[in-house]
Structure formats: C-alpha cells, structure tokens
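The values are calculated or read from the model by the stated rules, or taken from the named source; none is laboratory data. Everything numeric here is computed off the predicted structure, so don't read it as measured data. Note: ideal-geometry Cβ built from the backbone for every residue, glycine included; neighbour counts use all protein chains shown. Protein only, heavy atoms only, side chains kept; ligands, DNA and RNA dropped before computing areas. Shrake-Rupley method; radii C 1.70, N 1.55, O 1.52, S 1.80 Å.
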Number of protein chains: 2
Amino acid sequence: MDSLSMTGAAGTTRIEGVMAAISERIATRSLVPGARLPSVRSFSKTMRVSVSTVVEAYERLAAEGVIRSRPGSGFYVCGPLPPLSLSETGEKSGRNVDPLWISRQSLEVGDDAMKPGCGWLPPSWLPQAALRKAMRTLARGDIGVLANYGTPLGLPPLRQLLARRLGEHGINVPPDQIMLTESGTQAIDLLCRFLLEPGDTVVVDDPCYFNFHALLRAHRAKVVSVPFTPMGPDVELFGQVLERHKPRLYITNSAIHNPTGAALSPVTAHRLLKLADASGLIIIEDDIFADFEQVPAPRLAAYDGLDRVIHIGSFSKTLSASIRCGFIAAKPEWIDDLVDLKVASSFSCGQVSAELIYLALKDGSYRKHVEALRVRLAKAMDEVAARLEAIGITPWLKPHAGMFLWCRLPEGLDAADLARACLAEGVILAPGNVFSLSETAGRFMRFNVAQSADPRIFDVLKASMRKLRAIHKDAAASGITAA
Amino acid sequence: MDSLSMTGAAGTTRIEGVMAAISERIATRSLVPGARLPSVRSFSKTMRVSVSTVVEAYERLAAEGVIRSRPGSGFYVCGPLPPLSLSETGEKSGRNVDPLWISRQSLEVGDDAMKPGCGWLPPSWLPQAALRKAMRTLARGDIGVLANYGTPLGLPPLRQLLARRLGEHGINVPPDQIMLTESGTQAIDLLCRFLLEPGDTVVVDDPCYFNFHALLRAHRAKVVSVPFTPMGPDVELFGQVLERHKPRLYITNSAIHNPTGAALSPVTAHRLLKLADASGLIIIEDDIFADFEQVPAPRLAAYDGLDRVIHIGSFSKTLSASIRCGFIAAKPEWIDDLVDLKVASSFSCGQVSAELIYLALKDGSYRKHVEALRVRLAKAMDEVAARLEAIGITPWLKPHAGMFLWCRLPEGLDAADLARACLAEGVILAPGNVFSLSETAGRFMRFNVAQSADPRIFDVLKASMRKLRAIHKDAAASGITAA
C-alpha cells in the first residue's frame with residue numbers, strides 16, 4: 001500500500017515533508033554533523049507517516065549527500081566539506097601524472113637514487129667550500145643574526161647585492177623594491193595570494209613547471225595554457241587567450257624555460273608585453289635559472305620596467321636548496337602590501353638563511369663556481385643528448401644553457417608508462433604531461449642532465465622501452481588496441 | 001537647454017545610452033583598463049548627443065568607479081580590482097590599531113630599541129653557545145644537508161624528538177604524523193588554506209594574538225570572537241557563538257595564552273571539546289610558548305587525541321626566531337594532503353634550519369637553558385609587575401609562566417593614545433585593541449617582561465601618561481569632551 005502511495009502525489013509530498021523536517025534540524029543544528037538520525041520507526045511515529053515513507057526520505061537525503069547510512073547502525077548527518085585536497089583523484093596510489101607526484105617522489109628518495117626527472121643539481125655540484133665557510137663565519141657572528149627575527153623586507157646587504165645583480169640584467173630596481181621571501185615558490189605563492197581572487201584566470205605556458213599547476217589549484221584559480229615555442233609562448237594564441245579568458249595573471253620562466261630549456265626571443269618579449277599592456281595583464285617572471293645563462297636572454301621585467309611585470313628568483317639551483325631564500329622585485333606601490341602579507345603569513349623570513357646566502361654570494365669564489373658550473377652543464381648536456389639519441393630519444397631543442405633537456409620519445413611510447421616502468425627499476429623520471437595543462441606532452445620527457453651521469457639510467461630506459469614495445473606488440477597481435 | 005533636458009526622461013535615457021555604450025566597449029575589451037576614453041566632444045558626435053550629456057554620463061561612470069578622470073587629460077578606464085591589501089585603511093601613516101602595526105614596528109627597529117610591546121625575547125636571553133655550536137657542527141657536516149632540499153615531512157630525527165616531547169605533554173603522536181613547516185605562522189597559514197573556504201567563519205579568543213586577525217583576513221575568513229577569562233574562553237558564550245555562527249575553525253593558544261598569560265583550566269578544556277564535538281568544529285592549538293611552562297597546563301590535543309584538534313608549535317620563542325622552523329601534528333588522514341599543500345606552496349622546508357634546531361635541542365645544554373630561562377622570566381615578571389603597579393598600571397592576572405603581562409591602564413587613559421605618545425619617545429608598546437576583535441581592550445596593554453629591563457621605559461610611560469591626562473584635563477576645562 002505504502003509502496004504504491006509513494007509514487008503518487010500525496011506520497012511524494014509526505015516524503016518531502018520528512019526530508020524537509022530533517023534538513024531543518026540540520027540547518028538549526030539540532031542535528032549536527034556526525035549525529036545519528038532518529039530511527040526510521042520512531043521518526044515515522046513523530047511525523048505520523050509510514051515507515052517506508054521515512055525510509056525513502058532517508059535514502060533520498062543519503063543520495064543528496066546530506067546524510068549517510070552506516071549498515072546496521074542507522075543514518076548519520078554528514079560532516080562539513082572535506083578539507084582542500086590537491087591530489088586530483090584523492091587516491092594517492094595511482095598518482096602518475098599528478099603535478100605533485102614527481103616533487104614528492106624526488107624529495108622522498110635519498111641522494112644516491114637515480115633521479116634524472118628531478119629539478120635540481122646533485123649536492124656535489126654546489127659550492128661546498130663557500131657554504132661551509134659561510135656557516136663558520138655565521139657561527140662566530142653577531143648573536144642577533146643567529147637568534148632574532150629579520151626585518152620585514154629582509155637583510156639589507158643581500159637586497160643591495162640583488163639590486164646590483166638585477167641591474168646587470170637590465171632590471172633597474174632599488175633595494176627597497178626587493179623583498180626577501182622563504183623561497184622562490186613562496187614568492188609566487190605570496191604573489192598569487194596578493195593578486196588573485198578565487199576563480200580568477202591565470203595563463204601558463206604549455207608545457208610549464210609542473211608546480212605552477214599545483215600552486216594555482218591551491219589558489220582556486222582557473223588555469224589556461226598557451227603552447228610554448230622555441231622563441232617563447234605562441235604570441236598569436238596568447239592574444240586569443242587574453243581576449244577569450246581575460247586572465248588576471250601570466251606566470252612564466254624567463255631566461256631558461258622549465259621544462260624546455262628555450263629562451264624568450266626579443267620580438268616575442270616585446271609583443272607579449274604589448275598584449276599585456278592592452279589587456280591589463282600582470283606577469284610574474286620566475287627567473288630562478290638566471291645564473292646558468294651563458295648569454296643573457298631578454299627579461300620581461302627589463303623591457304617593462306617593473307610596471308606590470310613582477311620579477312622573482314631564488315638561489316636553490318646554483319647555491320643551496322637547503323638554505324631557503326628567495327626574492328620578489330616589484331613596483332613600490334605593491335611592495336608595502338606584500339610585506340604586510342608576508343608578516344601575516346610567515347611573520348619574518350629567516351635571517352640565518354639570508355645571511356648564509358649573502359655570505360656565499362659575496363664570496364669571491366661564487367663567480368668562479370658559476371662559471372665552472374656552466375661549463376660542466378654544457379658538457380653534460382652534450383653527453384646526455386648523445387646518449388638519449390642513441391636510444392631513440394630526441395631533444396626538442398638544444399638549450400643554450402641550463403640543466404634540462406626536453407625530449408621526444410619514439411613513436412608509440414607513452415611517457416607516463418615509461419616513467420612507471422622505470423620507477424619499478426629505481427629510476428625517477430619526469431613524464432611530459434605533468435608539465436602540460438592540455439596533456440598534449442604524453443610523448444615528452446624532461447631530463448636533468450646533471451642527474452643523468454649514471455650509465456645505468458640509460459640501460460633501464462632502453463630495457464623499459466623494449467618491454468613496453470613488446471607489450472604493445474602482444475596487445476596488437478591479440479587484437480586489443482594499445483592505449 | 002541641455003541642462004534642463006538632462007533632468008527629463010528623454011535626457012536620462014540619452015545619458016544612460018552613452019553610459020551603456022561605454023560599458024559595452026569595456027565589456028568587449030575594445031576599451032581596456034587604463035585606456036583613455038574618447039574625448040567628450042568626439043563622443044558626443046559619435047553618439048549624436050550633446051556635449052553635456054556625455055559629460056554627465058562620464059561623471060556617472062566615474063562615480064560608479066568604472067572610469068576615472070585625470071584632470072587636464074580626460075577619462076580613463078579603471079583597472080581591475082586592486083590587489084589584496086591587509087591594512088584596514090589603505091593609509092599606512094595612521095595605522096595605530098592595525099594588527100600588523102606592532103609586528104612591522106617591532107621588526108623594523110634595531111635590537112637596542114626599547115620595545116616592551118614586542119613578542120619575543122632579546123637575543124641575549126637565547127642559548128647563544130648551543131646555536132653557535134650547532135652552526136659549527138653543520139659547517140663540518142654532510143654536504144647533502146647544506147645543499148639539498150629536505151624530505152617532504154621534514155628531518156626525521158627532529159620529528160622523532162618532537163614526538164617524544166609531545167608525548168611528555170600527553171599528546172601521543174608518531175613522527176609520521178608530524179610535518180615540519182617554515183615557522184609556527186606558516187603552520188597556521190597552511191592549515192587555514194587546508195581547512196577554510198573564503199567566507200568560512202573562524203572563532204578566536206578576545207583578546208588573542210593579533211597576527212591571527214591579519215592571517216584570517218588574508219584567508220578572507222569571517223572572524224568572530226569569544227571573551228577570554230583567566231580559565232580560557234567563556235564557555236557559555238562559546239556555545240552561543242557555535243550555534244549562531246556555525247564556525248569551521250577555532251584558533252587558540254594553549255598552555256600560555258597570548259596576550260593574557262592565562263592557561264586553560266581542565267574543566268574549560270573538557271567543555272570546549274564537548275562543544276566542538278557536537279558542532280563539528282576543528283581546533284588549531286598553537287603551543288609556541290610550551291617551553292616556558294613551569295607546571296604543564298592541559299592541552300586540547302592531549303584530551304582529544306588529535307581527532308579534531310591540530311597541534312602546532314615552533315622554536316622561535318626559546319631557541320631562535322632567525323632559524324625558521326615550526327611543525328604541525330595532526331591526524332594521519334590530513335597529514336598527506338598537508339604535505340601536498342606544503343610542496344605546492346613552499347616546495348620544501350629548509351633542511352639547514354631543521355638540522356640546526358635539532359642539534360640545538362638535542363644538545364644537553366638546552367634543558368638547562370630552558371630552566372634558567374623560566375627562573376629569569378619569573379623574576380622579570382615580578383619586577384616589571386611591581387614597576388608597572390607603581391605607576392598605576394595593573395596586571396589583569398599574575399601569569400603562571402611566560403613573558404607577557406596583560407595590564408589595565410588607569411581610568412580615562414586610552415592605550416592607543418599612550419602607544420602613540422610613547423612611540424614618539426622611542427618606546428614601542430602593544431596597545432590592547434590590536435588583540436581585540438571587538439575592540440573592547442582599549443584600556444589594556446601587553447608588556448613583554450623580558451623586553452622591559454630598561455628603566456627609561458617606565459619613565460617614558462609615566463611622563464606620557466601625565467601628558468595625556470593634562471591634555472584631557474585641558475580639553476575638559478575648555479568644554480570639549482575628551483574622546
């Protein structure tokens with residue numbers, strides 16, 4: 001009888017009445033998240049409806065996600081929204097093209113693991129003696145530096161030194177327009193918080209540094225991408241994206257692009273800035289690979305005079321990733337608000353880190369270290385490129401400097417499959433699609449030439465590629481289409 | 001003629017027509033932010049209306065904030081929303097009760113300034129020898145530590161040491177549920193980002209650490225406050241706030257409350273957690289003053305078993321504020337997502353900092369340092385309390401430990417006025433209302449007893465109080481009501 005009336009208008013109204021009664025109790029918090037709902041039998045008495053009407057009402061509320069059933073125990077009010085999760089699936093086991101996957105893999109394994117996919121130099125390539133000397137100097141230094149908070153903008157002599165260095169790249173900025181941060185990543189994070197409202201659109205290069213994707217997701221930004229060419233972003237498409245999506249912000253690497261190793265050409269830089277001017281776009285130029293350059297490429301900040309371009313950098317690639325320190329150079333109107341934001345979100349950046357970086361940078365040996373590093377990287381670049389080409393993996397371009405080789409795999413091979421296969425053999429790779437918002441880099445792989453000295457890496461690559469090809473061949477032979 | 005027709009229906013329609021034409025050009029980006037509008041004369045021809053109609057339309061658009069006039073140069077399209085600014089007024093000169101005011105004042109002045117308003121110990125109170133020794137040890141240590149990124153959770157031996165220390169406070173947590181952060185502030189910032197959606201409501205104590213206000217504003221949270229009693233928050237009112245505002249989160253200090261120096265009583269802790277359970281509230285317990293305690297006060301995390309309480313801390317108060325390192329202890333389901341968020345927003349926390357903190361903490365001298373510190377603070381507390389009482393400034397309670405004295409000023413004196421007057425004499429104070437969301441602490445002032453050794457502080461206070469009273473008396477005599 002009841003099951004019949006449930007489909008009728010009167011039944012529907014009764015079910016909705018029960019649903020409304022429960023919803024109201026949840027809204028007024030007489031039923032709080034986690035609380036058990038009245039039993040079906042007792043609530044049917046309260047509401048003067050049949051048991052099956054209550055069952056149906058509870059089922060519908062469960063389908064809506066308002067309550068959930070625990071078998072054998074009844075129905076419970078669901079909790080508030082779960083906390084923010086950056087992993088796309090919520091499942092960590094299968095996170096293969098997750099932008100955070102490589103970061104965590106590379107950070108978790110030890111120094112002696114084979115990780116051509118990671119984004120930094122081996123510690124032995126960094127200026128050991130200068131770092132130890134800086135440490136000893138500080139150990140004897142002023143206790144205030146060892147114990148106290150730093151000033152809001154950050155260590156004055158380091159900001160002076162940075163102003164000089166930026167001047168060498170044509171970026172004229174006084175030290176009080178430079179704010180130190182905990183790292184390059186924190187610099188971008190602060191700027192996103194400063195510039196973006198949730199839902200704002202941001203343009204990135206495709207491919208680009210994968211952590212930009214994760215960071216922008218944390219800011220709840222909409223992300224659109226523009227294909228990257230050997231000269232910089234495709235300006236034609238960039239203009240179309242500006243028109244269609246009216247983005248607030250563009251985040252890019254200047255000088256040496258991650259992952260491609262390409263550099264912005266002067267004409268691309270000029271056209272980009274014209275487009276940005278016309279549409280009110282703000283640009284964050286992440287220049288953390290600056291010191292690897294042999295011949296300086298154009299800087300957007302130099303062309304633009306820090307009007308709509310914000311320039312950031314750090315020392316994690318050429319000095320130390322363990323001593324956290326980065327910086328932001330921006331126009332004066334913005335620096336003061338950025339300082340407020342830094343004080344609110346991290347109170348002060350570490351004086352010890354800033355002092356160590358300063359001591360190491362001003363040490364006479366730093367320039368020699370960097371020069372030797374460039375030569376060593378260029379040599380490794382040639383060697384690794386030759387080794388990769390020997391097994392059919394071809395660089396997309398020959399970068400003028402830096403540590404990255406962006407390579408195309410042989411036809412029919414998927415980079416994520418290859419990364420998975422090599423991971424099983426202890427080699428951590430960086431498959432192309434983690435860098436690509438459009439996921440059009442499934443046949444690309446980024447290699448860090450400084451982390452590719454071990455010949456076993458190429459043996460593992462070769463063997464894994466052979467294995468994957470065999471699987472594909474088998475699948476084809478048995479009539480199943482290979483993905 | 002035109003000025004007459006403007007008030008008529010036809011004139012209004014014409015004005016609106018011009019406004020609509022401009023708005024459409026802005027919407028379709030044929031006029032972009034910063035672009036100059038057509039001159040009044042030329043646009044009157046385009047639209048076939050009178051000059052004064054265009055003038056009126058432009059004026060109205062300017063009043064709406066869509067365009068702005070530059071005298072002598074015409075009208076321009078306004079830019080997008082200005083970037084986030086945390087200062088309440090946008091004017092920095094008058095920021096007297098701005099929560100960021102004290103932070104920046106205290107951080108900007110040198111170590112030898114008189115700053116009884118600041119929130120940390122003088123460097124000479126910190127364990128100089130242990131810090132220098134840690135530095136020297138690290139200078140000789142593994143190059144990987146000096147140069148490489150740390151692991152995602154952070155230095156394992158430091159997390160083990162923290163797990164043991166937390167165990168001593170009844171918080172049983174394995175090392176893999178502890179994540180290191182760049183600082184205590186960054187720990188709270190990460191958690192806010194993890195737990196809050198813009199517009200979510202957060203409860204704080206009134207008064208509370210002023211940076212909570214600034215931080216929550218950066219997260220675009222709604223903030224409500226509950227009066228703090230010598231036993232903890234007023235539980236009755238806390239319950240009412242939960243019912244009325246359904247907050248997502250409560251941020252508080254356990255052990256030693258900032259600014260009052262009060263400690264949570266066991267019964268308050270228990271009742272708070274019952275209320276939190278019933279309403280699904282999450283609690284961040286900021287325990288950065290833990291090491292100052294003589295007798296341990298209850299920890300919410302210990303009662304709750306890290307179910308809905310997240311416990312954070314740092315070493316900036318007893319070891320070094322210059323070596324940035326903090327931590328989060330939370331339930332396992334949350335730690336993994338928090339690591340993702342940390343990698344996205346700061347990539348890695350500094351291994352050098354974590355290693356220095358670890359070396360200093362495990363040094364046999366640390367426990368002795370902390371014991372001596374407690375005795376020294378207790379002595380300073382008595383002395384400063386006596387000096388303040390001698391000039392009519394009365395502690396709200398006698399804290400059982402820590403460095404803060406929360407004091408009431410004599411009748412008729414305003415703490416912000418007094419802070420302003422003393423700042424002119426080179427003494428930085430912390431006026432009550434920067435700690436108070438409801439701005440009901442206008443007669444209170446927080447004193448840091450460790451920063452109040454200089455007798456000139458009390459001379460300046462006394463003289464400034466006398467001066468302010470004289471001004472009030474004059475104002476009263478001349479018939480003007482004193483504010």
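Here are a few things to note about the model shown:
- Using C-alpha pairs below 8 Å separated by at least 6 residues, the relative contact order for chain B is 18 percent.
- Segment residue B:368-residue B:270, length gained on full extension (0.36 nm per residue, minus Cα span): 32.0 nm
- Only protein heavy atoms count here; on that basis, with a 1.4 Å probe, residue B:425 has an accessible area of about 100 Å².
- In the stretch B:313-331, the residues that give up 50 Å² or more of accessible area when the other protein chains are added, compared with the chain on its own (1.4 Å probe), are B:322, B:324.
- Considering only A:129, B:269, A:53, the residue lying farthest towards the positive end of the dipole of the protein assembly as shown is A:129, judged by Cα position with unit charges set on Cβ.
- Using the Cβ-Cβ distance between residue A:295 and residue A:389 with R0 set to 22 Å, the FRET efficiency works out to roughly 0.35.
- Prolate/oblate/rounded call for the protein assembly as shown, Cα gyration tensor, a/c under 1.5 rounded: rounded
- DSSP beta bridges in the stretch A:125-363 [antiparallel fraction, %, rounded to 5]: 35
- Here residue A:274 is the anchor, and the lysines within straight C-alpha reach of less than 24 Å, apart from those fewer than 8 places off in the same chain, are A:222, A:246, A:331.
- Under-5 Å amide H pairs with residue B:309, H placed in peptide plane, nonlocal only: B:283
- Classification of the stretch A:271-344 by its C-alpha gyration tensor yields an oblate form. The axis ratio a/c (a ≥ b ≥ c) is 1.5 or more, and b/c is at least a/b.
- Teacher prompt: residue A:469 distances to equivalent labels in other copies, 7 Å Cα→Cβ, nm: 9.4
- For residue A:222, the residues 5 or more places off, or on other chains, whose built amide H falls under 5 Å of its own are A:199, A:200, A:201, A:202.
- Computed from backbone phi with θ = phi - 60° and the Karplus coefficients 6.51, -1.76 and 1.60, the 3J(HN,Hα) list for the stretch B:305-322 is x, 6, 8, 10, 9, 10, 9, 10, x, 7, 10, 6, 8, 10, 10, 6, 8, 8 Hz; x is used for glycine and proline.
- Each other copy places its own label point for residue B:424 at 7.8 nm from this one, sorted shortest first, where the point lies 7 Å along the Cα-to-beta carbon line.
- With label points set 7 Å from Cα along Cα→Cβ, the inter-copy distances at residue B:109 are 5.3 nm, sorted shortest first.
- Between 0 and 90°, nearest 10: helix B:9-27 axis offset from chain B longest Cα axis: 50
- The protein assembly as shown - share of DSSP beta bridges that are antiparallel (%, nearest 5): 55
- Delta accessible area of at least 30 Å² on complex formation, residues of the stretch B:342-362, 1.4 Å probe, chain isolated as reference: B:343, B:344, B:345, B:346, B:347, B:352
- Placing R0 at 25 angstrom, the Cβ-Cβ distance between residue B:129 and residue B:109 gives a FRET efficiency of 0.40 after rounding to 0.05.
- Selection among A:18, A:245, A:117 by position relative to the dipole of chain A gives A:18 as farthest towards the positive end (Cβ unit charges, Cα centre).
- For the cross-link pairs B:317/B:462; A:133/B:342; A:115/A:317; A:133/B:133; B:133/B:379, the ones whose C-alpha atoms lie over 20 Å apart are B:317/B:462; A:133/B:342; B:133/B:379.
- Theoretical ellipticity at 222 nm over the protein assembly as shown - DSSP helices of four or more residues, -39500 (n - 2.57) apiece, nearest 500: -14000 deg cm²/dmol
- Cα→Cβ-extended label distance, 7 Å offset, between residue A:66 and residue A:20, nm: 1.1
- Summing Cβ point charges (Lys, Arg +1; Asp, Glu -1) relative to the Cα centre of the protein assembly as shown gives a dipole of roughly 620 debye.
- Rounded to 5, the percent of DSSP beta bridges in the stretch A:278-381 classed as antiparallel: 50
- Shown are A:462, B:317, whose ranking by accessible area with a 1.4 Å probe and every protein chain present, most to least, is A:462, B:317.
- Per-atom-type breakdown for chain A gives carbon and sulfur 54% of the accessible area (1.4 Å probe, protein chains only).
- Degrees, to the nearest 10: A:365-390 long Cα axis against longest axis of chain A: 70
- Chain-alone versus full-assembly comparison, the stretch B:130-146, residues with accessible loss of at least 30 Å² (1.4 Å probe): B:131, B:132, B:135, B:139, B:143, B:146
- At an R0 of 45 angstrom, the distance between the Cβ atoms of residue B:462 and residue A:28 translates into a FRET efficiency of 0.25.
- 5 angstrom amide H check on residue B:229, placed H, neighbours 5+ away: B:234
- Rolling a 1.4 Å probe across all protein chains gives residue A:303 an accessible area of roughly 110 Å².
- In the context of the full set of protein chains, the protein assembly as shown has a per residue accessible area of 39 Å² (1.4 Å probe).
- Anisotropy class of the stretch B:310-357 from Cα gyration tensor, a/c 1.5 cut: oblate
- Chain pair B, A: total accessible area buried, heavy atoms, 1.4 Å probe, Å²: 7800
- In straight-distance terms, cross-link reach from residue A:45 covers every one of the aspartates and glutamates whose alpha-carbon lies under 19 Å from its own, apart from those fewer than eight places away in the same chain; here that gives A:2, A:16, A:24, A:56, A:59.
- Acute angle (nearest 10 degrees) that the helix B:99-108 long axis makes with the longest principal axis of chain B, alpha-carbon atoms: 70
- Vicinal HN-Hα couplings computed from phi for the stretch A:217-231 (Karplus, 6.51 cos²θ - 1.76 cosθ + 1.60; Hz; Gly/Pro x): 5, 4, 8, 6, 8, 7, 10, 10, 10, 10, x, 9, 10, x, 9
- Using Cβ point charges alone (K and R +1, D and E -1), the dipole size of chain B about the Cα centre works out to roughly 980 debye.
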